[in-house]
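Throughout, read-outs are computed from the coordinates displayed, never taken from laboratory work. Because the structure is a prediction, the values reported are computed rather than measured. Here the Cβ is made from the backbone with ideal geometry for all residues, glycine too, and neighbour counts use every protein chain on show.
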Amino acid sequence: MRLKEERKRLGMTQQEIADKVSITRETWSRYESAKIAPGSEVLLKLVNLGVDTNYILTGDRIIPIHSVSSSSAVTTAEETGNYKAGLQLTQQELELIHCYRKVSEDGKKSIEDIAKLLATQQAK
């Protein structure tokens with residue numbers, strides 16, 4: 001199931017992803033239905049395509065540390081799951097980050113000030 005989710009996240013058909021990793025569509029279908037598991041060679045090719053193999057193997061999504069500052073690290077609410085960049089982020093947290101990145105510098109400053117104020121009030 002996770003292989004299918006990753007394939008769809010990348011916007012590929014079974015045939016397209018099978019071609020990219022040099023296997024048949026039928027073999028890919030068997031991977032997705034968990035009848036067989038992909039070997040290390042296929043997993044390495046999947047990494048190079050942008051597949052989150054950590055998610056495939058463990059169920060936890062990874063945001064690479066170098067991507068955290070990038071505006072493209074997580075771009076849509078459709079990318080669900082547990083993401084880790086040293087800590088787990090909920091889907092709500094990811095959506096807040098996405099919104100934060102879309103506003104002006106003044107807007108970001110306002111968001112930061114409000115968050116600090118609320119955190120201070122909650123701590124009391």
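Taking a straight line from the alpha carbon of residue 8, these lysines sit under 29 Å away, with near neighbours fewer than eight places off in the same chain left out: 20, 35, 45, 84, 102. Once the C-beta distance of residue 49 and residue 92 is scaled by a Förster radius of 35 Å, the resulting FRET efficiency is 0.75 to the nearest 0.05. Annotation for residue 119 and residue 29: the two label points, set 7 Å from Cα along the Cα-Cβ direction, are 5.2 nm apart. In this calculation the C-beta distance from residue 108 to residue 40 is compared with R0 = 35 Å, giving a FRET efficiency of 0.25. Packing, as the average of other Cβ atoms within 10 Å across residues, places the peptides 95-104, 114-123, 44-53 in the order 44-53, 95-104, 114-123, highest first.
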